[in-house]
Amino acid sequence: MRNESISIGVGSRVARLPLSRLNRHMLITGATGSGKTVSLIGMVERLAQAGVPVFLPDVKGDLAAIGGVPCRRLEPFRMSADLLDPATVSAALGLSATQAATLEIVWSVGMRLGSFKSLDDVRSVARTLESNASLAADLGRVSPVSLSVILRALLAFERSGGRALFGEPFDVARLVDLAADGRGLVNVFPAAALISSPSLYALALLYVLDEMTTRFPECGDLDRPRVAVVIDEAHLLFEESTPETVRAIVRKVRLLRSKGVALIFASQSPGDLPTELLAQLANRVQHRLGAASAADLRAVKIAAETLPPNGSDLVATIKGLAIGCALVSFVDPAGVPSVPIVVQMPPPSAVATSEAVPLIDPATPATGDTVAGRHDFAAGLVIIGGALALLAKIVAWSIG
């Protein structure tokens with residue numbers, strides 16, 4: 001196995017991130033304004049340059065700063081009911097254990113009947129079972145009360161925008177596409193509209209993880225990941241999750257490690273995520289966290305406790321980090337997390353150069369000049385003057 005790595009840092013203090021160990025997954029955390037978003041964008045750019053494709057949700061609509069790498073906008077992004085794990089849907093709908101068991105039966109019957117793809121199909125099967133429970137006689141008792149709850153939850157889900165997520169499904173296998181020159185494609189998932197309904201956002205991300213878990217073959221450790229998946233605003237996956245849902249997500253995270261998939265979670269604090277999940281995220285980028293309140297101080301202590309010791313006061317270090325600096329620890333080639341060091345995180349290429357690669361349509365093949373990195377501007381990107389564009393990006397970097 002080749003020990004390929006990417007450099008993280010500016011100046012003489014640089015950390016090396018071995019690509020073969022990125023499947024130990026990563027957590028990027030930090031308070032608002034600490035530079036976390038900039039670090040995330042910079043990490044994505046460097047992975048793509050190293051030949052690692054990336055799935056990147058754009059939850060704030062601010063990813064125009066990505067530059068120097070081939071991008072593809074995944075729009076529309078749709079799912080099909082027959083490809084979804086009913087446990088994942090139960091979590092998105094906020095169902096109880098009993099209701100989730102009933103939804104499992106709805107799913108089993110729907111798969112038997114065929115043409116089980118849209119929300120209308122799910123609703124139709126649930127209504128059919130209300131009047132003809134014998135269709136599921138061999139699957140267990142169908143609770144009429146649970147069916148009523150499921151139908152109401154599906155209606156609320158649809159009204160929050162869920163219908164638009166269902167249709168001809170996006171082929172997750174395309175996320176491993178490379179550009180003609182060997183660089184990884186950055187697949188941008190426009191998710192800003194979903195953030196107002198966290199259950200929709202969580203369902204879309206979990207669909208991607210479910211599909212990868214099911215369809216990607218076991219491969220063990222590779223020279224570089226097959227694909228990296230960014231899970232920004234990661235706390236949204238767990239805000240209303242049951243213990244069963246958390247355990248299911250953690251199982252997926254473990255499985256994806258052996259499938260050549262690297263997961264990059266991003267949130268404000270390690271305390272936003274379940275302890276069982278933190279144990280699976282061995283690569284760390286920790287930006288500044290404030291300690292203005294007792295709750296803030298607890299968050300800082302959690303962040304310090306989840307990092308390897310380095311002989312210094314990590315709590316004080318985390319509280320004192322400058323904007324754009326981070327305490328980083330990466331798994332070394334031997335599989336051991338490195339001693340944390342403070343580095344100045346490199347800015348995204350677009351900040352440094354005021355150049356951007358256009359986002360390309362999902363139907364565009366991964367060949368040709370548009371994905372080879374020509375410095376043209378995206379059709380929808382309005383830049384009034386090069387100087388103003390550079391200034392805007394520098395300001396965004398400084399407060400990212």
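All of the numbers you see were taken from the coordinates with simple rules; none came from a lab. All values derive from a computational prediction rather than experimental measurement. Cβ: placed from backbone, ideal geometry, glycine included. Neighbour counts: every protein chain shown.
Can you list residues whose amide H is under 5 Å from G260's amide H, if they're 5+ apart or on another chain and H is modeled 1.01 Å from N?
Residues meeting the amide H criterion: C219, G220.
Obtain the nm distance between the two label points defined at R127 and D221 by a simple spin-label model: each point lies 7 Å from its Cα along the Cα-to-C-beta direction.
5.5 nm
Quick one: putting +1 on the C-beta of Lys and Arg, -1 on the C-beta of Asp and Glu, what dipole do you get for the range 184-260 around its Cα centre, in Debye to the nearest 20?
320 debye
In what sequence do H25, H235, H287 fall when counting other Cβ within 10 Å, fewest first?
The order, fewest Cβ neighbours first, is H235, H25, H287.
For the modelled label position 7 Å from the Cα of T275 along Cα-to-Cβ, which residues of the range 298-339 have backbone nitrogen atoms closer than 18 Å?
298-308
Using a Gaussian network for the chain with springs between C-alpha atoms less than 10 Å apart, which of these wobbles most: A180, A316, A91?
With Cα springs under 10 Å in the chain, the top fluctuation among A180, A316, A91 is at A316.
Neighbour counts of other C-beta atoms within 10 Å: give me F216, F189 arranged from fewest to most.
F216, F189
By counting other Cβ atoms within 10 Å of each Cβ, how are C219, C71, C325 ranked from fewest to most?
If I rank by nearby Cβ atoms, fewest first, I get C219, C325, C71.
Could you go through the range 228-244 in sequence order and give the Karplus-derived ³J(HN,Hα) for each residue, using 6.51 cos²θ - 1.76 cosθ + 1.60 with θ = phi - 60°, rounded to whole Hz, and x for Gly and Pro?
Once θ is set to phi - 60°, the couplings for the range 228-244 become 10, 10, 8, 10, 6, 6, 4, 4, 5, 6, 10, 4, 10, 6, 7, x, 5 Hz.
Just from its helices, what would the mean residue ellipticity at 222 nm be for the chain, if runs of 4 or more DSSP H residues each count -39500 (n - 2.57) and the sum is divided by every residue, rounded to the nearest 500 deg cm²/dmol?
For the chain, the value works out to -11000 deg cm²/dmol.
Placing +1 at every Lys and Arg Cβ and -1 at every Asp and Glu Cβ, with all other atoms neutral, what dipole size does the range 81-165 have around its Cα centre, in debye to the nearest 20?
About 200 debye.
Within a Cβ distance under 13 Å of V342, other residues only, what is the Lys/Arg minus Asp/Glu net charge?
Local charge sum for V342: +3.
At q = 0.08 Å⁻¹, what is the log10 ratio I(q)/I(0) for the chain, with the Debye formula run over Cα points and no solvent?
Log10 I(q)/I(0), no solvent term: -0.45.
What residue among A31, A266, A334 has the largest mean-square fluctuation in a Gaussian network model of the chain, using Cα springs under 10 Å?
Among A31, A266, A334, the largest GNM mean-square fluctuation belongs to A334.
To check you understand DSSP bridge types, tell me what percent of the beta bridges within the chain (both residues inside) are antiparallel, rounded to 5.
The antiparallel fraction comes to roughly 35 percent.
Given an 8 Å cut-off on Cα distances and at least 6 residues of separation, report the relative contact order of the range 203-357 as a percent.
It comes to 19 percent, rounded to a whole number.
Could you give the dipole magnitude of the chain about its Cα centre, charging the beta-carbon of Lys and Arg +1 and that of Asp and Glu -1, in debye to the nearest 20?
It comes to approximately 580 debye.
I'd like the Karplus ³J(HN,Hα) series for the range 30-36: coefficients 6.51, -1.76, 1.60, θ = phi - 60°, whole numbers in Hz, and an x wherever there's a Gly or Pro.
x, 5, 4, x, 8, x, 4
Going through the cross-link list K36/K301; K36/K60; K60/K259, which pairs have a Cα-Cα distance over 21 Å in this structure?
K60/K259
In terms of modelled amide H atoms, which long-range or inter-chain residues lie less than 5 Å from the amide H of F166?
Residues meeting the amide H criterion: M79.
Of K36, K252, K60, which is the most mobile in a GNM of the chain whose springs link Cα atoms less than 10 angstrom apart?
In this elastic network of the chain, the residue with the biggest mean-square fluctuation among K36, K252, K60 is K60.
Rounded to whole Hz and in sequence order, give me ³J(HN,Hα) for the range 39-44 from the Karplus expression 6.51 cos²θ - 1.76 cosθ + 1.60, θ = phi - 60°, writing x for Gly and Pro.
Using θ = phi - 60°, the values come out as 4, 5, 5, x, 5, 4 Hz.
Pairs of Cα atoms under 8 Å, at least six residues apart: use those to get the relative contact order of the chain, whole percent.
Once normalised by length, the contact order is 31 percent.
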